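Heads up, the thing below is written out as structure tokens.
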Amino acid sequence: MQPRELNEEVGVSEEYALENLHFIGLINDDKTEVGQVHIGVVYECEVDKDKVEVKEDDTLVIKWETREEAQREDNYESWSEFLKPVM
């Protein structure tokens with residue numbers, strides 16, 4: 001995700017994102033058709049949840065959860081599922 005996309009999708013300014021994005025690693029999933037031709041790039045960005053808003057409400061839903069609650073979710077796409085052990 002580019003900083004521009006963070007702004008377009010959830011209202012995080014590009015300037016803030018560029019200063020606060022921290023590279024975590026890469027995800028590769030050759031088990032899916034999409035994964036065979038794409039690689040996932042994982043970043044972390046701490047935000048003030050009161051300043052985050054859904055701007056693409058036809059495709060996005062924001063749900064704030066504790067780490068434990070997020071790890072119990074069972075409807076993640078494969079790439080997100082890979083992140084559960086390190087959430």
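All of the numbers you see were taken from the coordinates with simple rules; none came from a lab. Treat the numbers as computed from the prediction; the structure is a model and nothing was measured. Quick reminder, even Gly has a Cβ in these numbers, built from the backbone with ideal geometry, and neighbours come from all protein chains shown.
See the values below:
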| item | result |
| --- | --- |
| Helix-only mean residue ellipticity at 222 nm for the chain, each DSSP H run of n ≥ 4 adding -39500 (n - 2.57), per residue, nearest 500 | -7500 deg cm²/dmol |
| Lysine pairs with alpha-carbon atoms under 20 Å apart, the chain, spacing 8 or more or separate chains | 5 |
| Among 54-66, 23-35, the order from most to least packed when residues are scored by Cβ within 10 Å on average | 23-35, 54-66 |
| Relative contact order [Cα under 8 Å, 6+ residues apart], the chain, whole percent | 27 percent |
